[in-house]
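Colleague: One structure, pasted below without further comment.
The values are calculated or read from the model by the stated rules, or taken from the named source; none is laboratory data. All values derive from a computational prediction rather than experimental measurement. So basically every Cβ, Gly included, is an ideal-geometry build from the backbone, and we count neighbours across all protein chains shown.
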Amino acid sequence: MEDPRGEDQQPQLPSPSLWPVGFAVGIVCLLVGLVVSWWVAALGAALALIFGFLWAREVTTGREATPGPPPDGAVPAHEGEGAMPPATPGERFPRNKFLEGATLGLGALIGAIVTLPALGFALMPSFLKQKAHKVDLGPLSDFEENKWQVVTFIRDPAQGEISRRTAFIRNNGLLNGQPSVTVISNRCAHVGCPVQPGGPVFQKQEKTVKTRNGDVNITPVLPAAGFICPCHGGTYDQEGNRIAGPPVRGLDRYEFDIVDGRLVLGNLYSVAKVEGAGKAARIEKAELQGPGQHVDGPESWLYPLQPPH
Amino acid sequence: MATTQTKQSKSRQAVMYPLDWLEERSGLVGGLRYFLFRKVPGDSSWWHTLGSATLTAFLVQLVTGVILAMYYKPDPQNAHASVENITHNLWGGWLVRGMHRWGASVFIILMFMHMGRVFLFGAYKYPRELNWIVGVLILATGLFEGLTGYLLPFDQTAYWATVVAVNINGTAPFVGPWLASVLRGGAEIGPDTLARFYSIHMLLIPGALIGLIGFHLYLVVRLGVSSPPWSKDAAELGPDIEPEPQPPRSGLVQPAPRAAGVRRRPSE
């Protein structure tokens, strides 16, 4: 059959050839050799030259002979009967179904392989390696007995100033021969604003203690009216019990330890109730909850599982 | 005279040739014409422009935000200093930051006004319910833009507002504490929180917003603009639709005819 486009209109396609592959290998060797070693480069250059020459020769020697006429009895593709019966409307061949399933399935698999690790990377670090921080606040003797101090400290030196936290600390003196200290977090149990002492802060008597956690600032304070939140008016007594306002529980406290006469803070914990005051206080301890979350009563059933902190 | 005409036709050719080239290969010119010159009810009024105004406000946020990102540094040591630098030292920084800052409020206010218009005109009714739902999603993502953007200046207001916002999320039953941890990127607000909010604010949510707004506009173009409730034209059209007989549901492969059931004007 004659091509309607005419002899000179047919696309001039080179015949299939392996020489370009050798040429490409040679070029790669040459480039790698420039970095690795001169003789690899020389080998690559030689390969590229030889295969390039072979390739060029083949391209320029003209096209291969056109294939001969089809054998007797062969029917051109557009004549004669189809090898398969035509499909009825709506009918699909098994291969069609298989290819659709394979495309969707493989696509989903590739999507999952890419998406799941990325999603895990976005979410998991929020929950893993949430280590507790021990905070050295300096010698306990810096804390005068039965006096309140506002203390600010860096909770995680790796994070720097952004991890600076504030606690209200009162050295209660000895209880059964052991030091007793009240350490109340300043984070309101409503939505986490910083509560303020209800009384004067003696700014001029501020002192700075250098510890391995960075600077610890200690300022005497007289929270005669307890602690008051400036955001929404939550009010607490000196033991951190809620008196008024929107908070759902009392103020959180820090665990503490006395190590070689130094006051060391540990984890935060939530407080359901405090009875009594000072060293005689009986504290009903609860797992640390976020602000606004109940730690007792039926409402606490809304927060059964806490993320690691 | 003749020379001016030739000149005119030549300059016309010079303009039209690239447009024709583009149109022949992409159909973009026709598509843009279809989008811009589609028919709207004759009695649509200034109220109908609130959606476009919201879109404009969003585009302003997009452009100014991209430029602010060139100078902003999302880590606790430098964030506030870089914002100060943008505001006080860099040429035009006060203006672009001001546009972004006040434009955020404009965007939110316009969204609510547009929503109010759609509600009061009853424009959310069949067949536009889906577009109302998409609009509500745009509102929610837009508000989340506001929340995440508020932390970025990293001053006391920003920090404590974010503490409060994250803790309010934390009080949601069951999932709240976990949600708060995801927002903070850990148990406490730290350097990761700022970077995370920045990424959400400038990449994640804008991407979602662009997709949602694209779908919103697609539905507007497909379903057309509704007449105001006092429209006499619409009243003369009579009851909304005679439901056209629907072919049996055949799924994605053979979709139902386009826009079946959408009101057609008698002139068409």
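Colleague: Please identify the pairs in which a residue from region A:292-309 that is within 11 Å of chain B (Cβ to nearest Cβ) and over 9 Å from B:P177 (Cβ atoms) has its Cβ atom under 7 Å from the Cβ atom of a residue that is not aliphatic (A, V, I, L, M) and not in a loop (DSSP other than H, G, I, E, B), counting only partners at least 6 apart or on another chain.
Modeller: Pairs found: A:G292/B:N167; A:G292/B:G170; A:H294/A:S300.
Colleague: May I pose another question? So which residues in region B:35-52 are crowded, with 16+ Cβ neighbours inside 10 Å and closer than 30 Å to B:G93 by Cα, if there are any at all?
Modeller: B:L50, B:G51
Colleague: Would a scan of region A:113-127 turn up a residue that is on the phi > 0 side of the Ramachandran plot and part of a loop (DSSP other than H, G, I, E, B)? Walk me through it before giving the result.
Modeller: The initial filter retains those residues of region A:113-127 that are on the phi > 0 side of the Ramachandran plot, namely none.
Among the residues of region A:113-127, not one is on the phi > 0 side of the Ramachandran plot and part of a loop (DSSP other than H, G, I, E, B), which makes the answer no.
Colleague: Would you call A:G192 surrounded by fewer than 20 Cβ atoms within 10 Å (Cβ to Cβ) and over 19 Å from A:P220 (Cα atoms)?
Modeller: no
Colleague: Residues being of a type in the set (G, A, S) and in contact with a helix residue (DSSP H, G or I) (Cβ under 7 Å, 6 or more places away or on another chain): count how many of those fall in region B:57-94. Break it down stepwise before answering.
Modeller: So the first thing to find is which residues in region B:57-94 are of a type in the set (G, A, S), and the list is B:57, B:65, B:69, B:79, B:81-82, B:92-93.
Pick out the ones that are also in contact with a helix residue (DSSP H, G or I) (Cβ under 7 Å, 6 or more places away or on another chain) and you get B:57, B:65, B:69, B:79, B:93.
Total satisfying the criteria: 5.
Colleague: Could I ask something else about it? Quick check on my filter: what residues within region A:213-234 are within 14 Å of another protein chain (Cβ to nearest Cβ) and in contact (Cβ under 8 Å) with a residue 40 or more places away in the chain?
Modeller: Across region A:213-234, the qualifying residues are A:C229, A:C231, A:H232, A:G234.
Colleague: I'm told B:E84 meets every condition in (1) at pLDDT 95 or above; (2) acidic (D, E); (3) within 26 Å of B:A180 (Cβ to Cβ) except one. Can you identify the failing condition by its number?
Modeller: Unmet condition: (3).
Colleague: Next question. So B:G186 ticks every box in (1) among the small types (G, A, S); (2) surrounded by 22 or more Cβ atoms within 10 Å (Cβ to Cβ); (3) more than 9 Å from chain A (Cβ to nearest Cβ) but one. Which box is left unticked?
Modeller: That leaves (3) as the condition not met.
Colleague: Of the numbered conditions (1) surrounded by fewer than 22 Cβ atoms within 10 Å (Cβ to Cβ); (2) away from chain B (no Cβ under 14 Å); (3) of a type outside the set (D, E), A:Y269 satisfies every one except a single condition; which is it?
Modeller: (2)
Colleague: Same structure again: May I ask you to list the residues in region B:125-148 that are surrounded by 18 or more Cβ atoms within 10 Å (Cβ to Cβ) and without any contact (Cβ under 8 Å) to a residue 24 or more places away in the chain?
Modeller: B:L147
Colleague: Taking region B:163-210, which residues are in contact (Cβ under 8 Å) with a residue 12 or more places away in the chain and under 19 Å from A:Q289 (Cβ atoms)?
Modeller: Within region B:163-210, B:V163, B:A165, B:V166, B:N167, B:N169, B:A180, B:L183, B:R184, B:I189 qualify.
Colleague: Exactly one of (1) at pLDDT 95 or above; (2) within 12 Å of another protein chain (Cβ to nearest Cβ) is unmet by B:P173. Its number?
Modeller: Failing condition for B:P173: (1).
Colleague: Keeping to region B:165-192, report how many residues are farther than 24 Å from B:G65 by Cβ and assigned to a helix (DSSP H, G or I).
Modeller: Number of matching residues: 9.
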